[in-house]
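What follows is one structure encoded as structure tokens, with my remarks underneath.
No value in this document is a laboratory result; all are computed from the given coordinates. All values derive from a computational prediction rather than experimental measurement. Cβ placement follows ideal geometry from the backbone for every residue including glycine, while neighbour counts extend to all protein chains displayed.
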Amino acid sequence: MRAFFALAALAFMTLAPSFASAAESRLESLDTPVAGTDKTYLDLALAFVPDLAADGMSWKGSTLDADIAGRFDLDEDWPDGLAISGVKTVAFERAGRKELAVLFDFGLFSDVPEAPAILALYVLEKEPRLIGSFNVGLDRETGFAEPPILDLGGGTNVLITRSSHGNSNQSYLITSLMLATENGLEPIDTVLTFSERLCGLSRTQEPAISVDVSDARPALRVAVAIREEKVEESCDAEPTPGTARTVTATYRLNDKTGRYEPDSDALDALARDSMERF
């Protein structure tokens, strides 16, 4: 459940997807046509919230598709409303076909903190063909990470999203790692990081995701850089910054399970330590 504070809304602009080798995330207005098709992003969004209707600069609805609600253990009826005015997209090519990842955040412009953010994967044919979807809305504001996608080879990519919120002295970030195969989406893991500002001290945790090619088969590496810096403030006690360190885990494909699994529980241990300071 995403019971967190609202962040400032993003201003959406219209940009056509680009199928460059280095895929980037784009911001699209909901009434923009999907490149190469006669459908708009609103048409795609209606598959998740069928009663979306224009309301000023955004679209609002109150009913989540029954199948989506059941799959992700979400309510079907949302009397306080679901709202969206644009989407974030990542376009890329794989095995000679054009694919498009679209992030529909139905809570960013509403007062409903539990509202879903659906990551959907399409093959761009005559009409966009949905091959997978997943709820990655784990906090108030959800978007793609930078980079938004990594290529693990063999027709396998990793889509990376971030959900976050912050208050006066704490910020929370959940990074979702989603395996994008030719057949759809599968979750790999979520990584919780936590930064805080104490009197005279700033503690930050920043994750970086990359492809590890040290072995014959590419793997996924997550490295969380942990830093403490002194801040000039008048405090009762003089803080002493701790030593900078990096917590890492490498996810490799387990041939028996068919899943990418971490080589240690270091990231889970870091999350448990962070939650004790919430």
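Distant-in-sequence amide contacts of Asp189, defined by a placed amide H-H separation under 5 Å and a gap of 5 or more residues or a different chain, comprise Leu177. Rounded to the nearest 0.05, the FRET efficiency derived from the C-beta distance between Cys199 and Asp67 at R0 = 30 Å is 0.05.
Under the rule of -39500 (n - 2.57) per DSSP H run of 4 or more residues, summed and divided by the residues of the chain, what mean residue ellipticity at 222 nm is obtained, to the nearest 500 deg cm²/dmol? Working shown, then result.
On the way: 3 runs with 21 residues, N = 278.
Calculated mean residue ellipticity at 222 nm is -2000 deg cm²/dmol.
May I ask for the distance between the Cα centers of the range 120-183 and the range 193-245, given as a whole number of Å? Going from one Cα centre to the other spans 23 Å. If you sort the three axes of the alpha carbon gyration tensor as a ≥ b ≥ c, you get a/c of 1.5 or more for the range 79-184 and a/b no higher than b/c, which makes it oblate. Between the helical axis of 266-275 and the longest alpha-carbon principal axis of the chain there is an angle of about 80 degrees. Relative contact order of the chain: what whole-number percent is it, with Cα pairs under 8 angstrom and at least 6 residues apart? Contact order relative to length: 12 percent. Computing FRET efficiency as 1/(1 + (r/R0)^6) for Asp77 and Lys39, where r is the C-beta to C-beta distance and R0 is 35 Å, gives about 0.85. Here the simple spin-label model places points 7 Å from the Cα toward Cβ, and for Glu127 and Ala237 these points are separated by 6.4 nm. In this simple spin-label approximation, Thr257 and Ala244 carry label points 7 Å from Cα along the Cα→Cβ vector, and these lie 3.4 nm apart. Taking every pair of distinct Cα atoms and averaging 1/r, then inverting, what Kirkwood hydrodynamic radius in Å comes out for the chain? One decimal place: 20.0 Å for the Kirkwood radius.
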